[in-house]
């Protein structure tokens, strides 16, 4: 019997009631997890203005900024990303992420977590 071919799936970038709170100004809303996404995962994140989180992560990510602005990285290697930009955050990248204003972004991670 032939396997069912993969198909496109749509996910919302809205922060819903299933969001996980990290501290008082960061929300993470699940999207595509390891079970459903194979080698990658994706989620939406909301960071309130001034929210900060430490890097590094043990996986690479691409962040697509849907609205707002944030600063990512360490020292002179840090970058600012604004609405419409995307940022590659390599595995074990040093530094922090800081929301310069209320910011919503979609994160895609490889490998999945």
Segments 27-36, 10-19, 102-111 sorted - mean Cβ within 10 Å per residue, highest first:
102-111, 27-36, 10-19
Report the relative contact order of the chain, percent, no decimals, based on alpha-carbon pairs under 8 angstrom and at least 6 residues apart.
30 percent
On a full-extension model of 0.36 nm per residue, what is the gain between residue 60 and residue 101, subtracting their alpha-carbon distance, rounded to one decimal in nm?
12.4 nm
Please report the spacing between the Cα centers of the stretch 52-82 and the stretch 26-51 in Å, no decimals.
14 Å
Work out the P(r) tail for the chain: percent of alpha carbon pairs separated by more than 16 Å, whole number.
61 percent
Ranked by Cβ crowding within 10 angstrom, fewest neighbours first, how are 43, 86 ordered?
86, 43
Separation of the residue 88 and residue 25 label points, Cα + 7 Å toward Cβ, nm:
3.0 nm
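Only the coordinates and a few stated rules stand behind these numbers; no lab work does. On a predicted model such as this, the values are computed, not experimentally measured, just so you know. Quick reminder, even Gly has a Cβ in these numbers, built from the backbone with ideal geometry, and neighbours come from all protein chains shown.
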